[in-house]
Structure formats: structure tokens, C-alpha cells
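Only the coordinates and a few stated rules stand behind these numbers; no lab work does. Worth saying up front: this structure is predicted, and the values here are computed from it rather than measured. Here the Cβ positions follow ideal geometry from the backbone for every residue, glycine too, while neighbour counts run over all protein chains shown.
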Amino acid sequence: EPEVTQTPSHQVTQMGQEVILRCVPISNHLYFYWYRQILGQKVEFLVSFYNNEISEKSEIFDDQFSVERPDGSNFTLKIRSTKLEDSAMYFCASSTGGTSTDTQYFGPGTRLTVL
Amino acid sequence: DQQVKQNSPSLSVQEGRISILNCDYTNSMFDYFLWYKKYPAEGPTFLISISSIKDKNEDGRFTVFLNKSAKHLSLHIVPSQPGDSAVYFCAASVGAAGNKLTFGGGTRVLVKP
């Protein structure tokens, strides 16, 4: 069964460093998303991406964040200058879109630890 | 952001019995609802969904009920199995295609053998 994959599973970085989290969405999906879950808190929406552009972003997704689909398979989240409060699980998701019952399928997540 | 709330942080149930998980929402624009299951160190796994044009959707052991007037949905798992032990999240969106999900805080279910 097709699944969303994410790399790395765990990323440790120093505050102020740039990190890139990678995702390979399900191949026939058209919509891509990033969510995060800070320890003990809810899963929060960050950004959605369709047709090579951001379709929606949350207040969390400020100028330090960017997304890109550099080729036909990968979808990346870049954090330019990490802060301690960026430590969280980051989940990529994808969906086919275009229907009234669109289901988002999630990857296993990347645990980001900012020291 | 308390638009989606799961008021029970945990639930313990005997194997073979029914598990009932509840979820309340405040945003009347929500019209598509999903339940996800999550094991530790894994991403959320889709279980079942319902759109606001229905009040019930069933898939095997899982049934979701939607009460729009009360802004309430529930997930029934019958019969519960030990492998169902996980954290369950409800999520909601305005429209389905490509729209962001707003999650509840989750309910941890423990199914005892």
C-alpha cells in the first residue's frame, strides 16, 4: 500500500542553524501538507501546498519557514534559523484533493530537537 | 485554539467491549470530520471519516456518528481489541479537498485483555 515517507526520523540541530525536513508524498496525490506536534500539545497545521504554490499557511508559518517541491517526488520543509521552540514532531501529509471526502495520509514524522 | 475538543484524555476498556470516543467542535463551518489513530513514534493513521451530509458512517468495527445540532461526533469501536490501544484524534475541516485539518487533543485508549 502506498505511504508517505519522511527523512530523517530524528534531526538534532543547534539553535540558529538551518534544517531541511524531507517528505515523499504518495505518488498520485496533488495536495501536500506539513503539520507539527509539540510535546504534550495538539497536532497543528503549518502549511498546505498545491500546484507548486502555498495554498494556505498558519500564523506559525512565518518567514523562517519555507516549502518546496524540488522535483516530482520530494516535498521539503526548510526552517532557516531554528529556535528552541521549533522542537517538535513534524508530520508531512498528502491527499488527492478534488473530492468531498478528501483524506489526508500522514508520514511517520521527523522529530526535530533544537539545542 | 479550542475549535475541536476531546474532553476525555484517556479511556480504559475491556477486550471485546465497546469503546466510545467523543469529540466536540465549536466552528459551525466545519463540514468534514475524520478520526485518526496514532501509535507512539508513528504518524496519525486514518481510520474513518464523515461529511456533514451524513449522520453515521460505518467501516467494519468502526462507526462514526455526527450530531450537527450538538456539534458533537463520536467514534464507536466494537468489539475492542488489544491492538486498538493507541491515541485517537478527531479532526475537522471546512470543506474536504486540500483544506487544513484542525485536531482535537486526543484520547488515549487502553484495551485490556
Practice item. Sort the following peptides by mean Cβ neighbour count (other Cβ atoms within 10 Å, averaged over residues), highest first: A:21-28, B:100-107. Key: B:100-107, A:21-28
**Study point:** Cα-based Kirkwood hydrodynamic radius, the stretch A:5-97, one decimal, Å
**Key:** 13.5 Å
**Study point:** Cα convex hull of chain B, projected area averaged across orientations, nm²
**Key:** 6.8 nm²
Review point. For the protein assembly as shown, what is the largest minus smallest coordinate of the Cα atoms on each principal axis, given in angstrom and ordered from greatest to least?
Key: 49, 36, 34
Review point. Which order results if A:Asp71, B:Asp84 are arranged by neighbouring Cβ count within 10 Å, fewest first?
Key: A:Asp71, B:Asp84
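Counting alpha carbon pairs within less than 8 Å and at least 6 residues apart, what relative contact order, in whole percent, applies to chain A?
Once normalised by length, the contact order is 38 percent.
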Check your understanding: Roughly what % of DSSP beta bridges within the stretch B:4-112 run antiparallel, to the nearest 5?
Key -> 90 percent
